[in-house]
Amino acid sequence: MDKNDYYGGESSSLNLNQLWKRFRGDDQPPEILGASKEYNVDMIPKFMMANGALVRVLIHTSITKYLNFKAVDGSFVYNKGKIHKVPATDVEALKSSQMGLFEKRRLRKKYELEDDTIDFIGHALALQIDDAYLDQPAKNFVKRVKLYAESLARFQAGSPYIYPLYGLGELPQAFARLSAVYGGTYMLNKPQCKVEFDEHGKAYGVTSEGETAKCKKVVCDPSYLSEKVNKVGKVARAICIMSHPIPDTQDSHSCQVILPQKQLGRKSDMYPFCCSYAHNVAPKGKFVAFVATEAETDDPKTELKPGVDLLGPVDEIFYETFDRFGPTNDPDADEYDGTTHFESTVTDVIAMYSKITGKALDLSVDLSAASAAGSEE
């Protein structure tokens, strides 16, 4: 059951009219932006690591037969006022101006590295969102770099990321289709959904429009149980519609730029990234860009300015902050964070699955069961 008239809750993809209604109320989008139905704008925009946990979950559940993916063109990093390509091949690594020749030799040995090189590896390869990892055991860091390398090699693309055609809203719709195959029923536009509890505090059903559906377990997002969650953080986000790719990203139709915290004097990284008509999320010639970060102030416009400035001219821009919540009875789980990939989210999902079913999820799957079109296709 969903109180919205679209799939996916907070992680849905909206068409242009829905986007306008959410941010601009009754105003109508200008005709120059093109047809509403050609837009699929993610509300929680994230890429997928090509060899990551979400891809394994999608293969394990056979969801991949309902989805088409395309590789993301490139990954970039911001350093000393310039955007640099994160090398995807040996040739790119040799040509990169990110570090000098002698530093590249030291990097092969991994010792006595300059601070900028440590910053690059930690944030552009291990995809850490802050510098806390420097005081933690190395095992998790090595695993993250290994995942990056394996994901990069997976489709031989310019980045380790893939992304579904028509946006992330395709994911909940694909699970809805699979659910229907096994007898599940989806109800959209159900107002005032209320979780019912017995005298022992155990959930036994959900009521809407005077009818109660009884069940053994209820799974829901925090908006349905506001009294059983705590605020654990806040994400600031800008959503932009543009008529060009992000400057200095080699005309990439899809890419991510990482702004490490040190470069901005912040406590956490900032992530501008974009998709376009190449992934069927906008009309021909239009690009949808996002800038996201863990919010450190209550002023998203000022806080996101370093990332928004890198985008160049924008046709339209929308700002918002949203709170992240965790259940009061589980301090380790929370909502979508400010990262631009799904690894931390899927870890939470798998933990929930184990708590609900009492079973461990075996994700040792044949990864060749999923494919993604290259950026040139």
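The values are calculated or read from the model by the stated rules, or taken from the named source; none is laboratory data. As the structure is a computational prediction, the values presented were derived from the model and not from experiment. Positions of Cβ are backbone-derived with ideal geometry, glycine not excepted, and every protein chain shown enters the neighbour counts. Side chains included, ligands, DNA and RNA excluded: accessible areas come from the protein's heavy atoms. Shrake-Rupley method; radii C 1.70, N 1.55, O 1.52, S 1.80 Å.
The one condition from (1) under 30 Å from Asp5 (Cβ atoms); (2) touching a strand residue (DSSP E or B) at 6+ places or on another chain (Cβ under 8 Å); (3) of a type outside the set (Ser, Thr, Tyr) that Ala124 does not meet is (1). Residues in the range 245-261 that are closer than 26 Å to Ala132 by Cα and open to solvent by 10 Å² or more (accessible area, probe 1.4 Å): Gln261 only.
Screening the range 48-111 for helices (runs of 4 or more DSSP H) wholly inside it with 3 or more residues that are open to solvent by less than 30 Å² (accessible area, probe 1.4 Å) and of a type in the set (A, V, I, L, M) returns the ranges 53-60. Look through the range 207-220, keep the residues that are in contact (Cβ under 8 Å) with a residue 24 or more places away in the chain and assigned to a loop (DSSP other than H, G, I, E, B), and return whichever of them is farthest from Lys3 (Cα to Cα). Per the stated criteria, the residue is Lys217. Only one entry in Ala124, Ala174 is within 28 Å of Ser13 (Cα to Cα), part of a helix (DSSP H, G or I), open to solvent by less than 50 Å² (accessible area, probe 1.4 Å) and out of contact with any Pro (no Cβ under 8 Å at 6 or more places or on another chain), namely Ala174.
Looking for something open to solvent by 50 Å² or more (accessible area, probe 1.4 Å), in a helix (DSSP H, G or I), of a type in the set (Lys, Arg) and touching a residue at least 60 places away in the same chain (Cβ under 8 Å) - is there at least one such residue anywhere in the range 133-141? Checked against the condition, which is being open to solvent by 50 Å² or more (accessible area, probe 1.4 Å), in a helix (DSSP H, G or I), of a type in the set (Lys, Arg) and touching a residue at least 60 places away in the same chain (Cβ under 8 Å), the range 133-141 yields no hits at all.
Condition check ((1) touching a strand residue (DSSP E or B) at 6+ places or on another chain (Cβ under 8 Å); (2) outside any loop (DSSP other than H, G, I, E, B); (3) without any contact (Cβ under 8 Å) to a residue 24 or more places away in the chain) across all residues:
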site: Gly205; (1), (2), (3): yes, yes, yes
site: Lys234; (1), (2), (3): yes, yes, no
site: Ala238; (1), (2), (3): yes, yes, no
site: Asp251; (1), (2), (3): no, no, yes
site: Lys267; (1), (2), (3): yes, no, no
site: Ala278; (1), (2), (3): yes, yes, no
site: Pro283; (1), (2), (3): no, no, no
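Before we move on, is Leu188 open to solvent by less than 80 Å² (accessible area, probe 1.4 Å) and in a helix (DSSP H, G or I)? So Leu188 does not fit the description; no. When the range 294-317 is filtered for residues that are within 23 Å of Thr249 (Cβ to Cβ), of a type in the set (A, V, I, L, M, F, W, C) and open to solvent by less than 30 Å² (accessible area, probe 1.4 Å), the ones remaining, listed by number, are Leu304, Val308, Leu311.
Going by the conditions given, is Lys262 in contact with a Gly (Cβ under 6 Å, 6 or more places away or on another chain) and either on the phi > 0 side of the Ramachandran plot or among the charged types (D, E, K, R) (or both)? For Lys262, the condition - in contact with a Gly (Cβ under 6 Å, 6 or more places away or on another chain) and either on the phi > 0 side of the Ramachandran plot or among the charged types (D, E, K, R) (or both) - is not met. Pairing residues of the range 83-107 that are over 27 Å from Pro306 (Cβ atoms) with residues that are charged (D, E, K, R), at Cβ distances under 6 Å and at least 6 apart in sequence or on separate chains, gives Arg106/Glu112.
Here Lys234 passes the criteria (1) within 26 Å of Leu19 (Cα to Cα); (2) in contact with a Leu (Cβ under 9 Å, 6 or more places away or on another chain) except the one numbered (2). Each residue in the range 269-282 was checked for being touching a helix residue (DSSP H, G or I) at 6+ places or on another chain (Cβ under 6 Å) and open to solvent by 10 Å² or more (accessible area, probe 1.4 Å), and 0 pass.
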